[in-house]
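Participant: Can you keep this structure in mind? I'll have questions shortly.
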Amino acid sequence: TPVVRAAVPEEKTEKVAIIDASANMLAGDGNETRFERAVARVKSLVTETFDGEGTVSVILAGTQASFVAQRAGSDLRLDVYEALDDLVIPGDLKCSFAAGDVSGAMALAEQVATENPKVEILFYTATTYVDKGGVQIVNVSEENEWNAAILNCTSELVDNYYAFTVDVASYHRNTDVLLCLDVYDANDVEGNTVRLTRPIRCDNDETQRWTFTAEEMPDLQKVFSYSYVHAYIADTEDSFSYDN
């Protein structure tokens, strides 16, 4: 000493992109789902990182978290693109109808961070988090998205006739919905369907509960037996049709 440093190795950028694959990511604006939007943004991130000769990992937070790409360099650009494209094949989106394994995805990201503590972790989701930790949240939802939903449906035998109770809600939009209840094979008659309908006002993201009681039904629609019931919201074009 003294020491004069002649050259400093150039630091390479490393990113970890986590894609939320929980059911709410199937919501969309009619043109694309949140999941497709997230994959497209991750593909842009991958392109930008590879153009700078950086390294990328992509993790899918589905029912069980898994790597789509693990510490891939630009030499694997085409392979990573293909793996991302496979997530959004029309008619076969790799998005679940359940909760996403976010904890498992973060654990996989920590594996990468063990190798490179300077790695940047980005989470593409539509869920709001109060405590983001060291993760950058990328919100892929759109302001005009909303969801009307059937939350629960039960039946109860009261004085020899069934009453049907349905919970319904509309999120991010105050609106009137038409609640329908189809009771199949009613009263031991195969093919006999009793249809009950009720307009429901949904405000402030609050759950509305409505009970179809026997007292409200005409004598020909009173139900003392049935095979199954289908509860649904009719003629509603919301952002997530799967729970209508």
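The values are calculated or read from the model by the stated rules, or taken from the named source; none is laboratory data. Just so it is clear, the model here is predicted, and its values are computed rather than measured. Neighbour counts run over all protein chains shown; Cβ positions are idealised from the backbone, glycine included. Remember, those area values only see protein heavy atoms, side chains included, never the ligands or the DNA or RNA. Shrake-Rupley method; radii C 1.70, N 1.55, O 1.52, S 1.80 Å.
Participant: Restricting to bridges with both residues inside the stretch 7-150, how much of the DSSP beta-bridge set is antiparallel, in percent to the nearest 5? Can you show the working numbers first?
Facilitator: On the way: 7 of 24 bridges.
Antiparallel: roughly 30 percent of the beta bridges in the stretch 7-150.
Participant: Hey, for a label at GLU48 modelled as a point 7 Å past Cα toward Cβ, could you say which residues of the stretch 123-161 have their backbone N under 17 Å away?
Facilitator: 123-125, 135-141
Participant: Could you give the dipole magnitude of the chain about its Cα centre, charging the beta-carbon of Lys and Arg +1 and that of Asp and Glu -1, in debye to the nearest 20?
Facilitator: 760
Participant: Would you please name the trypsin sites (Lys or Arg not before Pro) within the stretch 127-224 that are DSSP coil residues with at most 14 other C-beta atoms within 10 Å of their C-beta?
Facilitator: Here the trypsin sites (Lys or Arg not before Pro) that fit, given the DSSP loop and packing criteria, are LYS132.
Participant: Could you check the spin-label model distance between ASP167 and LYS12? Points 7 Å from the Cα along Cα→Cβ, value in nm.
Facilitator: Placing both labels 7 Å beyond Cα along the Cβ direction yields 5.1 nm.
Participant: Further question on the same structure: For TYR129 paired with ALA98, estimate the spin-label separation in nm (one decimal), with each label point 7 Å from Cα along the Cα-to-Cβ line.
Facilitator: 2.1
Participant: Same structure, new question: For the chain, what does -39500 (n - 2.57) per DSSP helix run (n ≥ 4), summed and divided by total residues, give at 222 nm, in deg cm²/dmol to the nearest 500?
Facilitator: On the way: 3 runs with 43 residues, N = 244.
One gets -5500 deg cm²/dmol as the mean residue ellipticity at 222 nm.
Participant: Right, next: Considering the alpha-carbon set of the stretch 120-235 alone, what are its Rg and its Dmax in angstrom?
Facilitator: When restricted to Cα atoms, the stretch 120-235 yields Rg and Dmax of 19.7, 66 Å.
Participant: Among the DSSP beta bridges whose two residues both lie in the chain, what percent are antiparallel, rounded to the nearest 5? Intermediate results must be reported in sequence, preceding the final value.
Facilitator: Details: 39 of 56 bridges.
Beta bridges within the chain, antiparallel portion: roughly 70 percent.
Participant: Give the cross-link partners of LYS15 among the lysines, using a straight C-alpha distance below 25 Å as the criterion and excluding same-chain residues fewer than 8 apart.
Facilitator: Leaving aside lysines fewer than 8 places away in the same chain, those within reach of LYS15 are LYS43, LYS94, LYS118, LYS132.
Participant: Could I have the simple spin-label model distance between THR211 and ASP79, label points 7 Å from Cα toward Cβ, reported in nm to one decimal?
Facilitator: Here the modelled spin labels are 6.1 nm apart.
Participant: Collect residues whose amide H, placed 1.01 Å from N in the peptide plane, falls under 5 Å from the amide H of VAL58; neighbours closer than 5 in sequence don't count.
Facilitator: Amide H to amide H, under 5 Å and 5 or more residues apart or across chains, VAL58 pairs with ALA17, VAL68, ALA69, GLN70, ARG71.
Participant: Please report the orientation-averaged projected area of the chain, defined via the convex hull of its C-alpha atoms, in nm². Mind showing how you got there, number by number?
Facilitator: Working: hull surface 74.8 nm².
The Cα convex hull of the chain, projected and averaged over all directions, gives 18.7 nm².
Participant: Residue by residue through the stretch 102-112, which ³J(HN,Hα) values in whole Hz follow from phi under the Karplus form 6.51 cos²θ - 1.76 cosθ + 1.60 (θ = phi - 60°), with glycine and proline marked x?
Facilitator: Whole-Hz 3J(HN,Hα) from phi for the stretch 102-112: 5, 4, x, 5, 5, 5, 5, 5, 5, 4, 5.
Participant: Just to confirm, what accessible area per residue do you get for the chain at 1.4 Å probe, in whole Å²? Provide the component values of the computation, followed by the final result.
Facilitator: Details: 13830 Å² over 244 residues.
Spelled out: the 1.4 Å probe surface of the chain, per residue, equals 57 Å².
Participant: Only residues of the stretch 58-76 count here: report those whose backbone N is under 18 Å from the spot 7 Å along Cα→Cβ of ASN116, or say none.
Facilitator: 58-60, 67-76
Participant: Can you compute the radius of gyration and Dmax for the stretch 173-244, using only the Cα atoms, both in Å?
Facilitator: So, for the stretch 173-244, Rg and Dmax equal 14.0, 41 Å respectively.
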